[in-house]
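Engineer: Below: one structure in structure tokens.
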Amino acid sequence: MIHVAVIGGGLAGLTSAIAMAAQGLSVVLIEKKSYPFHRVCGEYVSNEVLPYLHSIGADPSPLHPANISRFLLSSPAGKTLETPLDLGGFGISRYTLDNFLYQHALAHGVEARLRTTVQEVQFANDRFVLRLSGGDTLEAAVVVGAYGKRSSLDRQLGRAFFRARSPYIGVKYHLRLDMPTDLIALHNFQDGYAGISAIEDGRHCFCYLTTRENLRRHGSIPAMEQAVLHQNPHLRRIFREAEFLYEQPEVINEISFATKTCVENHMLMCGDAAGMITPLCGNGMAMAIHAGKLAAEQVVQYFAGGRNRQQLEAGYSRAWKNQFERRLQVGRAVQHLFGSPLLSELTVGALKYSPAAVRLIMRQTHGLPF
Ligand SMILES: Cc1cc2nc3c(=O)[nH]c(=O)nc-3n(C[C@H](O)[C@H](O)[C@H](O)COP(=O)(O)OP(=O)(O)OC[C@H]3O[C@@H](n4cnc5c(N)ncnc54)[C@H](O)[C@@H]3O)c2cc1C
């Protein structure tokens, strides 16, 4: 039986797998896709993760990410405010970053099962049995659930959020555009917002969140972009001037910001699988990496003999709640401010004269360097 099975090879899964394998544990990472691959994500990573990435030997600077230190917010009508970012961040595509971490995981001795889906997890007699696509089973003493925002495993686990449909969809492009590389911009439009910031190789990531209803009303993504996003002059400029690098955008649906639990059927849940912060906060990736760190620390202590399973779960739960519960609450509250055009006009108008309030929201939705 292996020590740890990690379900899902996003940032939470990859970083926790690296940290646990580096401490001598046998780790199997199961990922349903194969690296490298694109994901819907704004690709702005808060600098709070840098000390930890260095500590696990995964300094991202050789990937030449963009350094981002300024923030611009626009209302649906195009009114703007700009402020420096206290901590700042870096821009790197998930295509590159996840593959980079995957290579590190292999170098640390993590066994990877790619193109493999975990279909069922059972816990009995103090051990887990995972049923994998293709018919294999895997036994593990500990399972880290890092499988992202929504998976058929959530249905199997009977998690409440899975039953409620979520109204949000996400759309992402990579493009080339004449725009400062140290700036991240968040442009609001009716029933949504779009982020744009530089990544590696002189490209930009352009990603937006809107509702399924908005898409249904206009029939197709191009028609919705033309009718709705173009109303904001900053977005209109992006669509007119940028060179779009994909034939088709990446699209996902069923994005839910509902409250979840961080321990489920004795699995330690990490990243979006434990709770997803609204994308306008730009902190989901940092939270995924930080949760991976917390889980790895607890698991290493467990195998060192200092803890029983109950203490492992309680210790992880406590650490997770201390670190993320408040951030997730503030993220949900801020999302409401940008729900309607009128409200986001008023919010941007009010924040324009109160840069301190903008920075307070950022501090409340971000963590400290770890
Ligand atoms: C529109 C949008 C924009 C965003 N912009 C930003 C941003 O700019 N900055 C930021 O910090 N965050 C952003 N986020 C949030 C960020 O993308 C997520 O918080 C982050 O990717 C979570 O990482 P994760 O490791 O938890 O999950 P993921 O990165 O989603 O990884 C989960 C992995 O599990 C795999 N998987 C799922 N089910 C199974 C299974 N049963 N068996 C095996 N494998 C499985 C999936 O294939 C996937 O690779 C954005 C999100 C959205 C929707």
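FYI, it's all coordinate maths here, none of it is from the lab. No experiment lies behind these values; they were computed from the predicted model shown. Here the Cβ is made from the backbone with ideal geometry for all residues, glycine too, and neighbour counts use every protein chain on show.
Engineer: For the chain, set up a Gaussian network in which alpha carbons nearer than 10 Å are linked by springs, and say which option among Tyr302, Tyr208, Tyr173 fluctuates the most.
Structural biologist: Fluctuation is largest for Tyr302.
Engineer: Another question about this same structure. With both bridge residues required to lie in the chain, what share of the DSSP beta bridges run antiparallel, to the nearest 5%?
Structural biologist: If we restrict to bridges inside the chain, about 70 percent are antiparallel.
Engineer: Further question: Starting at the first residue of segment 141-152, write each ³J(HN,Hα) from the Karplus equation 6.51 cos²θ - 1.76 cosθ + 1.60 with θ = phi - 60°, in whole Hz, x for Gly and Pro.
Structural biologist: These are the phi-based 3J(HN,Hα) values: 7, 9, 10, 9, x, 10, 9, x, 5, 6, 8, 4 Hz.
Engineer: Same structure, new question: Within the chain, count lysine pairs with alpha carbon atoms under 28 angstrom apart where the residues are 8 or more positions apart or belong to different chains.
Structural biologist: Lysine pair count for the chain: 20.
Engineer: Moving on. At q = 0.08 Å⁻¹, what log₁₀ I(q)/I(0) does a Debye calculation on the Cα points of segment 2-365 give, no solvent, two decimals?
Structural biologist: -0.39
Engineer: To the nearest 20 debye, what is the magnitude of the charge dipole of segment 2-365 about its Cα centre, counting +1 on the Cβ of each Lys and Arg and -1 on the Cβ of each Asp and Glu?
Structural biologist: Dipole about the Cα centre, nearest 20: 880 debye.
Engineer: Round to a whole angstrom and tell me the spacing of the C-alpha centers of segment 21-91 and segment 327-370.
Structural biologist: Value for the Cα centre distance between the two parts: 20 Å.
Engineer: Extension gain His218-Asn253, at 0.36 nm per residue separation less the Cα-Cα distance, in nm?
Structural biologist: 11.0 nm
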